[in-house]
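Notes to accompany the following structure.
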Amino acid sequence: MKKLFLILFFLNGCAISLKEQSKLYFRNPKKYYGVEAPLELKKRLEKHKTSLEILYGQNKTSQILSCTFLRNQLYVAMLSNNLDSKIKNAALLLEEAYQNDDNEFIKSCENIFKEDFGKIFLSTQKEFLRITS
Amino acid sequence: MKNSQFPVIASEAWQSKRSANPMRLLRLWLAMTLAFTSCMGTITINKPEFRPFLQHQPVSQEELSKIHKSSPKDSVLADLLQAFALMRKGDIESKAIQKQISGLLMTSVSTFEDLNDPVNFSKAFSADEDKPFRGRPHERMYASFMTGVFELANNNCDLALPYFKNAEFLDARFQKLPFGTDAPLVYALSLRCLHEKGVSLSDQQHARNGIYKSVRFLSLQEPLIDLLIETAKSDMRTMAISNRMAYMIMEVGLYYSLLSAPNDSSIEELIDYAAKNAQIFTAAIKTNFEEEYKAKLSTLIKEQANIQGQSKKEGLKALEELAFFKVDQVMSSLKDRLIKLAKESNFNKALENGLFASKSLSEKIIVASLSPKMILNFTGMGPSLIREGGYNEISTVKTSPDGTDRPIIREKMLATPTSCGFHRTKGEDFAVVLCANRESQVKEKDIKTMPSYELLSLSRKAKMIQGRKFEQVLKGRAQFKAATEEISKLSLWGAFFLFHLGNSIMDSCRRSQDDSCNYAAYAVYGAAAITALFSGIVWLVGKPINPSADSRYVHLMYESSWLSI
């Protein structure tokens, strides 16, 4: 019983830690050169929505915002914490795709959102968007 | 302030020589510092012999010769100031004054020739005020240009043409990359000369092309850079290293394209030309744009290396090489996006207008250049130079209130004399009406208000010319000086502490009447004396280093050169 409690406590601790990691970018993005502040990013994409649609197609803005948020969340988490190896691999793949090609980046981002940890990161984004809208 | 306090402190210091009190020694040291620094501080333009130039007044020939003799390093500065003071306050309509101005300008411009020598080239910008003045790039270009104007006004095209060529060369030479000049007036006056000399159309082509390309550079630069910024702002992966690099390169590529692509190029072709020539700039990005590169990209690459666990030197290098390797591929996609936005967004109108303006304005300039009368006006005060930093080690060019930094061709209705020759207009401004032959140079007071275009803006030119390294050299010297001063200050405080400690020991020795105790006090006094000596030596090492940037500049140049059409 005691062991089970400890395992549950540990797992619960990991979940909190992951949630916390997904929030790091929204709390202190200014520390890093490689990411834009979340509010700035949101405003930029809203302001240049017309050009974004000319370049990437209709109704792509929200997907681009979401994927960029995800990349930035993982970027900040990677530089601040020791991530779980599964998340770390996914984050590295996403970063590589981000550095390489638009389509590759969107595809890699969609794959991460299918994962459990991706959903946690997505829920943090939604929370941020709800507060700032 | 320093000068007024100096005699009192000095006399106290003199009296203090008689006793070896540490406080008196300190006063003596301070007095010497003040005496030394007060001798070093006067900037050239504040020297009595230069003061008339501050009121825009020319000096007499004798006074000018006196400056040449007493301060040969400032001869060129004095000649240029005298030439422009004569333009501003002299009888500009007098042939003798025009000849004097032309002579002064020619002498100054000829000193720029010694830049051919690579040793002199590195010292060309006179980082120190005690080196011979050779002018800043825009001053040299403008001096050469004005020499050409005065010679052309005197119908001396054989002499004027080399000065216009030289102005083009001097303007292009100090840009970040080897562009031609963006001042259409240089080409317009060259074309007039070539036409007057009866040179064939094909030989006039360089000047005609120059007019079109420099006008295109000024008409299309803003809309094209706005388009580039919009593309960057709507980039899905705007923080990707290769993308950032591609934007930097594309910016320079667009400037190059505006000044070099064929005259009949469309917007699409201009963008394509910029992308195709990107490899020229890729190689130069780490050298010609060193500071921008470090600020914008090196930090990103370091972060990326941390993410990928490659923070060692080799890993960083590999990432950097990869980013450079990818630029060509990114450039091609950036070109496509630029063209797409140029065609389908609101930018289309501004870009097409810019292209149309380039064509129509350059045609007007060519017609004005070839017409029997060509009317030029020179107005406003040029840019100024201020020094910043703890030791005045940074020199910054400030845009004239009459000027603009924007790459545009300003247009205004100008009341201008239309009879041949030189005319004083408003205040210190003047106009020159160039006439095809001497016979037509008849004086009649006829003033007309005409649409005029600013075809040379000195402030923009002064701020655009970059690639100078002397500020960095001076920064290093300022750091050295600051370090020596800091060490000197700290060790002086150390010496005071030791003197104080010695005094305390000596006091306690007197009370205890112990001789061995006195030796300890003398040892501490000795250490204090050595520390004070060290402080003085460090201070003396730093003292002769003057990190201040050169304060000299020709403040009397004209901001705007207008062509009435």
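The values are calculated or read from the model by the stated rules, or taken from the named source; none is laboratory data. Given the structure is predicted, the values throughout are model-derived calculations rather than measurements. Ideal geometry is used to build each Cβ from the backbone, glycine not excepted, and the neighbour counts take in all protein chains shown.
Here is how the numbers come out for the structure above:
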| item | result |
| --- | --- |
| Scope the range A:42-66; condition more than 8 Å from every other protein chain (Cβ to nearest Cβ) and closer than 22 Å to A:Asn111 by Cα; matching residues | A:Gly57, A:Gln58, A:Asn59, A:Lys60, A:Thr61, A:Ser62, A:Gln63, A:Leu65, A:Ser66 |
| In the range A:26-41, residue nearest to the other protein chains (Cβ to nearest Cβ) [restricted to those that are free of Cβ contacts under 8 Å to residues at least 24 places away in the same chain and not in a helix (DSSP H, G or I)] | A:Tyr33 |
| Selection within the range A:81-91 - within 12 Å of chain B (Cβ to nearest Cβ) and among the aliphatic types (A, V, I, L, M) | A:Leu83, A:Ala91 |
| Residue identified as over 28 Å from B:Val327 (Cα atoms), charged (D, E, K, R), under 12 Å from the mean Cα position of the chain (by Cα) and assigned to a helix (DSSP H, G or I) among A:Lys86, A:Lys126 | A:Lys126 |
| Residue in the range B:234-252 that is within 12 Å of another protein chain (Cβ to nearest Cβ), among the charged types (D, E, K, R) and touching a Gly at 6+ places or on another chain (Cβ under 6 Å) present | no |
| A:Leu24 modelled with pLDDT of 95 or more and aliphatic (A, V, I, L, M) | no |
| Whichever residue in the range B:327-357 is basic (Lys, Arg) and farther than 17 Å from B:Tyr247 by Cβ and, among such residues, is nearest to the other protein chains (Cβ to nearest Cβ) | B:Lys343 |
| Breaking point among (1) within 46 Å of the chain's Cα centre (by Cα); (2) among the aromatic types (Phe, Trp, Tyr); (3) surrounded by fewer than 18 Cβ atoms within 10 Å (Cβ to Cβ), for B:Tyr519 | (1) |
| Where B:Ser345 falls short, out of the listed (1) buried (at least 18 other Cβ atoms within 10 Å of the Cβ); (2) within 35 Å of the chain's Cα centre (by Cα); (3) among the hydroxyl-bearing types (Ser, Thr, Tyr) | (2) |
| Which listed residue is in contact (Cβ under 8 Å) with a residue 40 or more places away in the chain, part of a helix (DSSP H, G or I) and farther than 23 Å from A:Glu40 by Cβ, from B:Ile285, B:Ile301 | B:Ile285 |
| Qualifying residue in the range B:508-520 (condition: assigned to a loop (DSSP other than H, G, I, E, B), at pLDDT below 80 and touching a strand residue (DSSP E or B) at 6+ places or on another chain (Cβ under 7 Å)) | no |
| Number of the exception - B:Lys233 against (1) farther than 30 Å from A:Glu40 by Cβ; (2) without any contact (Cβ under 8 Å) to a residue 40 or more places away in the chain | (1) |
| Test for B:Ser360: is it in a helix (DSSP H, G or I), polar (S, T, N, Q), more than 10 Å from chain A (Cβ to nearest Cβ) and surrounded by fewer than 19 Cβ atoms within 10 Å (Cβ to Cβ) | yes |
| Per-region count, the range A:69-80, residues under 11 Å from A:Gln21 (Cα atoms) and within 12 Å of chain B (Cβ to nearest Cβ) | 7 |
| Every residue from the range B:400-425 that is farther than 25 Å from B:Ser371 by Cα and surrounded by fewer than 19 Cβ atoms within 10 Å (Cβ to Cβ) | B:Pro401, B:Asp402, B:Thr404, B:Asp405, B:Arg406, B:Pro407 |
| Residue in the range B:319-338 that is of a type in the set (Phe, Trp, Tyr), without any contact (Cβ under 8 Å) to a residue 40 or more places away in the chain and in a helix (DSSP H, G or I) present | yes |
| Breaking point among (1) within 19 Å of B:Tyr273 (Cβ to Cβ); (2) within 14 Å of chain A (Cβ to nearest Cβ), for B:Ser257 | (2) |
| Tally, over the range A:92-123, of residues that are within 11 Å of chain B (Cβ to nearest Cβ) and farther than 23 Å from B:Glu303 by Cβ | 1 |
| Some residue of the range B:269-282 being surrounded by 13 or more Cβ atoms within 10 Å (Cβ to Cβ), aliphatic (A, V, I, L, M) and at pLDDT below 85 | yes |
| Residue match in the range B:223-231 (condition: more than 14 Å from every other protein chain (Cβ to nearest Cβ) and surrounded by fewer than 23 Cβ atoms within 10 Å (Cβ to Cβ)) | yes |
| Residue under evaluation A:Phe117, criteria (1) modelled with pLDDT under 95; (2) within 9 Å of the chain's Cα centre (by Cα), criterion not met | (2) |
